[in-house]
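> Input: one structure, supplied below.
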Amino acid sequence: MLNGTKELAHIVYNDSSVKLLSDTRFTKNNRICFATHWHDRLELISVREGSFKLTLKSEEYIIQKGDLAVIMPREPHSGVPGKDGVLYDVIMFEPSSFFNATNASSKYLEPLDRSTAAFKTVVTDTETVKLADTLISELKKPESPETTLKSIGMVYELLGMLFSRCARPYTPENNIDERFANVLEYVNDHFAENITTAQISAEFGYDEAYFCRRFLKSTGLTAMRYIMILRLEAAKELLKDPSLRIGDIAEEVGFLDMAHFSRVFKKQMGISANEYRNTVLGK
């Protein structure tokens, strides 16, 4: 059986442990910038032109030119381009990559990784946005000892500025505790099976109604919506293999009905599974 994770795309970081996606453009004709997903890394999206609507858990934000969107680890999110399209750069890294032996690391960086500290979703502070854009410019240069070490230093500087100017109050009830983290791990490993909220609740000794409320509060998504997203993320990865039939892919990720898979995939991605395959394969 397919072993799933929250996001299946493999991210390759450079020597500074940072990944840059630069010059990412979507026109008003694109249905989405990115489908709902989540991951363990922290992402900063700097909008250079236009705007996009960011949905984070159940909240919606309009991210405009000059804004910096901050997406914390394990926060489900999706994006839709604005009426004039959008052009943005994305800085991504995992907080754990910057842990060290200092007290500052345990005081500031480890809470980011545990989701017990967070930043504002929309950052408009001029100096913070400027520093993020300077880091983007540095990451666009060819890698060298100077650019790599300078980028690492700028990540720490940027995190310090975010803590000072853009901290978001920590709310313990929104944190995923260890027991519920085991639930998410179970769902990540079994999403391609015919699992239900009743079956998951029984597995972990929860009342089903309580489980559904707890899942929604922890992830911003219903359990079945979350499972659907995992299945679609898995399908997107498998579609990169031209030797696999789309019907077999649908069954592999947990769809028993090919027609249902086709409807859900097109609704979520804005294009059919076959069109998506042709796009990623460059056809």
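> In the chain, what percent of the accessible surface is made up of carbon and sulfur (1.4 Å probe, ligands and nucleic acids excluded)? Please list the in-between numbers first.
Values: 7070 of 14120 Å².
Summing carbon and sulfur atoms, their accessible area is 50 percent of the total for the chain.
> For the range 227-283 and the range 107-150, write down the distance between their C-alpha centroids in whole Å.
Between the Cα centres of the range 227-283 and the range 107-150 lies a distance of 34 Å.
> Can you return the lysines within cross-link range of Lys141? Criterion is Cα-Cα under 26 Å, with same-chain partners fewer than 8 residues away left out.
Lys19, Lys65, Lys130, Lys150
> Could you tell me which of rounded, prolate or oblate describes the range 20-118, using a ≥ b ≥ c as the square roots of the eigenvalues of the alpha-carbon gyration tensor, with rounded for a/c under 1.5 and, failing that, prolate when a/b is larger than b/c and oblate otherwise?
Numbers: a/c = 2.72, a/b = 2.08, b/c = 1.31.
Taking the square roots of the gyration eigenvalues as a ≥ b ≥ c, the range 20-118 is prolate.
> How much length is gained if the chain between Val280 and Asp40 is pulled fully straight, taking 0.36 nm per residue apart and subtracting their Cα-Cα distance, in nm to one decimal? Display every interim value, and only then the final one.
Values: separation 240, 0.36 × 240 = 86.40 nm, distance 2.41 nm.
In short, 84.0 nm is gained.
> Can you work out the accessible area per residue across the range 1-129, with the rest of the protein chains kept in place, probe 1.4 Å, in square angstrom? If you can, show how the numbers build up before the last one.
Values: 5950 Å² over 129 residues.
Per-residue value: 46 Å².
> Right, here's the next one. Given the DSSP H assignment, sum -39500 (n - 2.57) over each helix run of at least 4 residues in the chain and divide by its residue total; what's the result at 222 nm in deg cm²/dmol, nearest 500? All intermediate terms of the calculation are to be shown ahead of the outcome.
Numbers: 10 runs with 116 residues, N = 283.
After summing the helix terms and dividing by residue count, I get -12500 deg cm²/dmol.
> Also, I was wondering about something else. Using 17 Å as the cut-off for backbone N distance, which residues of the range 93-108 belong to the label zone defined by a point 7 Å from the Cα of Ala167 along Cα→Cβ?
103-108
> Still on this structure, please answer the following. Among rounded, prolate and oblate, which fits the chain when a ≥ b ≥ c are the square roots of the eigenvalues of its C-alpha gyration tensor, a/c under 1.5 means rounded, and a/b larger than b/c means prolate? Please list the in-between numbers first.
Values: a/c = 1.77, a/b = 1.28, b/c = 1.38.
Cα axes put the chain in the oblate bin.
> Given R₀ = 22 Å, what would the calculated FRET efficiency be for Leu244 paired with Ile271, taking r from the Cβ atoms and rounding to 0.05?
Details: r = 18 Å, r/R0 = 0.82.
Taking R0 as 22 Å, the efficiency between Leu244 and Ile271 is 0.75.
> If you don't mind, another one. Where in the chain are the helices, taken as whole DSSP H runs, whose Cα atoms extend 24 angstrom or more along the long axis and whose Kyte-Doolittle mean reaches at least -0.5?
Working: long enough: 145-165 (30 Å, 0.40).
The qualifying helices are 145-165.
> On to the next question. Suppose each label sits 7 Å from its Cα in the direction of the beta carbon; what would the Asn194-Lys130 distance come out to in nanometres?
Taking the simple label geometry, Asn194 and Lys130 are separated by 6.1 nm.
> If the range 150-281 were replaced by its equivalent ellipsoid, with semi-axes equal to the square roots of 5 times the Cα gyration tensor eigenvalues, what would those be, largest first, whole Å?
Values: eigenvalues 204, 131, 30 Å².
So the three semi-axes of the range 150-281 are 32, 26, 12 Å.
> Please work out whether the range 105-227 counts as rounded, prolate or oblate from its C-alpha gyration tensor, where a ≥ b ≥ c are the square roots of the eigenvalues and a/c under 1.5 means rounded, while otherwise a/b larger than b/c means prolate and anything else oblate? If you can, show how the numbers build up before the last one.
Details: a/c = 2.95, a/b = 2.20, b/c = 1.34.
Prolate, because a/c is 1.5 or more and a/b exceeds b/c.
> Moving on. Could you work out the mean projected area of the convex hull around the alpha carbons of the range 83-126, in square nanometres to one decimal?
Values: hull surface 19.5 nm².
Taking a quarter of the hull surface, the average projection is 4.9 nm².
The values are calculated or read from the model by the stated rules, or taken from the named source; none is laboratory data. Bear in mind the structure is a predicted one, so any value in this text is a computation, not a measurement. Ideal geometry is used to build each Cβ from the backbone, glycine not excepted, and the neighbour counts take in all protein chains shown. With ligands, DNA and RNA removed, areas are computed over all heavy atoms of the protein, side chains included. Shrake-Rupley method; radii C 1.70, N 1.55, O 1.52, S 1.80 Å.
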